[in-house]
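Taking it in order: structure first as structure tokens, then the write-up.
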Amino acid sequence: MVHSLLAARLPGYDPGDSDLETRVLSWLTGAGLPPPRQQYRVRIKGKTYKLDLAYPDELVDIEGDGFDTHRTRTAFDEDRERANALSIAGWLVLRFTSRSTQDEVVTQVMAARDRFGQRPAA
């Protein structure tokens, strides 16, 4: 019920695919960072990839890698394909697990945004 209420009240609200994703989002916004885009879609060479959390202006992809979700061969292979395609297209892919700490996540995302956010305009 809470998800449906939030979806109705907050444009663009998406509960995400996991508790880990929601936790990372909470940590980032709690640290004063702007909320990343949830379930952001990127099209590269005719293929669409869904990113857990993204800062598209800085080309930063934030993935919450839960063991249960990634234990099949297909999921494992697809994640590598997506990460490679994103990297080639200039994205930085940050991967976090349930063992990642709040400090680790916030520090690394801030560093990534700082580094990639200072690119000269095209």
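The values are calculated or read from the model by the stated rules, or taken from the named source; none is laboratory data. It should be emphasised that the depicted structure is a prediction, and the values quoted were computed from it without experimental measurement. Every residue, glycine as well, gets a Cβ built from its backbone with ideal geometry; the counts of neighbours run over all protein chains shown. Quick note on the areas: whole protein, heavy atoms, side chains included, nothing else; ligands and nucleic acids left out. Shrake-Rupley method; radii C 1.70, N 1.55, O 1.52, S 1.80 Å.
Mind telling me which of the residues 74, 29 ends up being outside any loop (DSSP other than H, G, I, E, B) and either modelled with pLDDT of 95 or more or not hydroxyl-bearing (Ser, Thr, Tyr) (or both)?
Answer to the selection: 29.
Taking the criterion of being touching a strand residue (DSSP E or B) at 6+ places or on another chain (Cβ under 6 Å) and in a helix (DSSP H, G or I), would at least one residue in the range 90-107 satisfy it?
Within the range 90-107, one or more residues are touching a strand residue (DSSP E or B) at 6+ places or on another chain (Cβ under 6 Å) and in a helix (DSSP H, G or I).
Give the residues of the range 77-98 that are more than 24 Å from residue 33 (Cβ to Cβ) and modelled with pLDDT of 95 or more, sorted by residue number.
Result: 84, 85, 88.
Please enumerate the residues belonging to the range 44-103 that are in contact with a Ser or Thr (Cβ under 8 Å, 6 or more places away or on another chain) and either of a type in the set (A, V, I, L, M, F, W, C) or open to solvent by 50 Å² or more (accessible area, probe 1.4 Å) (or both).
Once the filter is applied, which keeps residues that are in contact with a Ser or Thr (Cβ under 8 Å, 6 or more places away or on another chain) and either of a type in the set (A, V, I, L, M, F, W, C) or open to solvent by 50 Å² or more (accessible area, probe 1.4 Å) (or both), the range 44-103 yields 67, 69, 75, 93.
Report the residue count in the range 14-54 for those that are touching a Lys or Arg at 6+ places or on another chain (Cβ under 6 Å) and among the hydrophobic types (A, V, I, L, M, F, W, C).
Residues in the range 14-54 being touching a Lys or Arg at 6+ places or on another chain (Cβ under 6 Å) and among the hydrophobic types (A, V, I, L, M, F, W, C): 1 in total.
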